[in-house]
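Below is one structure, written out as C-alpha cells, with a few remarks after it.
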Amino acid sequence: MENLYALILGIIEGLTEFLPISSTGHMILGTTILGIKMDDFWRSFLIIIQLGSILAVLFVFWRKLLQSFVLWFKLAFAFLPTGLIGIFVSKYLEFLFNGYVVAFMLILGGVVFIVIELLHRGKNYAVNALEEVSFKQAFCIGLIQSLAMIPGTSRSGASIIGGLLLGLNRKVAAEFSFLLAVPTMIIATAYSIYKEPSLLSNASSFTPLIIGFVVAFVVAVLVIKFFLKFIAKFDFIPFGIYRIVLGILFFYLYMSGILDAGSEFEP
C-alpha cells in the first residue's frame, strides 16, 4: 500500500504546490483520508517529494533562468524577507499550527482573491514581463510571501496576491511566484533536514520515495503549464471560490469530529 499512497500523495503535491489553494490543507486531507499515520518515514517523504516540484519549475523555466542572471538576484532579494522572518519568528508561530487556522486562512485567502479581482477588473497592469519586476517589487512580494508561514495561507497564493497588488499582471505574478518557490522551498527543505537530520535516515524505503518524487515532478510540470494558460484567459476568482468551499469543508470536518484539529500538526 505504501507505493499506492506514494502515488496519490505525489499527485496531490504536484497539483497543489503551485496553485494558490494551500498544499498543506490538501496534504492534511489526503493523509487523513488514506489513514496514514504521520511517522518519521512519511514526514521524510513529504519533504523529499517537494524537491520534485522544485525540479518541475527549473524544467519549465530553465531558458528564462539561464538568460537572465539579474532575475536570480531578484529572486534572492525576494527570498530575503521570508528567510529572515522565518529564522527569527517561525518558532513563535507554533501555536498557529492548528486545523481551524488552516480553515480560516483558506477562506480569508479566497475572499482576498475575489476582492482583488473585482477591484482590478479592466485595470492596465504596470508590469507585463518578468524583466520589468523591480528589486523593490521583488522584496515586497517576498515580504507578503512570508505570510505563508501561517498554515493554510498558501505560499503561491500569498506571493501571487503580492504581485497583483504591486502591479504585476496575472501571468507575471504567477511566473514570479513559481520561480520564487525555488530558493524558498530548497532552503526550507534544507532547514528541515538541518533541524532533524534523522529524517533522511528514516527514508529507508526508496521505492515509494522515487514514485512520489517522479509523480510530483510530472504533475507539477503539467499544472504549471496549465495554470499559465488558464490565467491568460481567466482570473483567479475560481480559485478564490474553491478556497472558500474547502475552508468551510474543513470547519465542518473539525467541528463534527471527523478530523482532529490538532493531531495533523503533531511532531
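Points to keep in mind about this one:
- Within segment 172-193, the only residue that satisfies the criterion of being modelled with pLDDT under 75 and either closer than 30 Å to residue 124 by Cα or not polar (S, T, N, Q) (or both) is 193.
- Picking from residues in segment 12-23 that are part of a helix (DSSP H, G or I) and among the aliphatic types (A, V, I, L, M), the one that is nearest to residue 229 (Cα to Cα) is 15.
So that you can scan it fast, the table gives a plain yes or no per residue for (1) at pLDDT 90 or above; (2) open to solvent by less than 70 Å² (accessible area, probe 1.4 Å); (3) assigned to a helix (DSSP H, G or I); (4) not aromatic (Phe, Trp, Tyr):
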| position | (1), (2), (3), (4) |
| --- | --- |
| 25 | no, yes, yes, yes |
| 29 | no, yes, yes, yes |
| 46 | no, yes, yes, yes |
| 57 | yes, yes, yes, yes |
| 80 | yes, no, yes, yes |
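- Under the condition of being open to solvent by 90 Å² or more (accessible area, probe 1.4 Å), under 19 Å from residue 192 (Cβ atoms) and either part of a loop (DSSP other than H, G, I, E, B) or touching a residue at least 12 places away in the same chain (Cβ under 8 Å) (or both), the residues counted in segment 83-107 number 1.
- Residue check, residue 156 among the hydroxyl-bearing types (Ser, Thr, Tyr), part of a helix (DSSP H, G or I), in contact (Cβ under 8 Å) with a residue 60 or more places away in the chain and open to solvent by 10 Å² or more (accessible area, probe 1.4 Å): no
- Residue satisfying all of: in segment 108-141; under 21 Å from residue 81 (Cα atoms) and within 19 Å of the chain's Cα centre (by Cα); most open to solvent (accessible area, probe 1.4 Å) among these: 139
- Matching option when the condition is touching an Asp or Glu at 6+ places or on another chain (Cβ under 8 Å), touching a residue at least 60 places away in the same chain (Cβ under 8 Å) and assigned to a helix (DSSP H, G or I), among 182, 219, 214: 219
- Test: residue in segment 31-38 that is among the hydrophobic types (A, V, I, L, M, F, W, C), part of a helix (DSSP H, G or I) and surrounded by fewer than 17 Cβ atoms within 10 Å (Cβ to Cβ): yes
The values are calculated or read from the model by the stated rules, or taken from the named source; none is laboratory data. Bear in mind that the values here come from a model prediction, so they are computed numbers and not experimental data. Note that each Cβ is placed from the backbone with ideal geometry, even for glycine, and that neighbours are counted across all protein chains shown. Quick note on the areas: whole protein, heavy atoms, side chains included, nothing else; ligands and nucleic acids left out. Shrake-Rupley method; radii C 1.70, N 1.55, O 1.52, S 1.80 Å.
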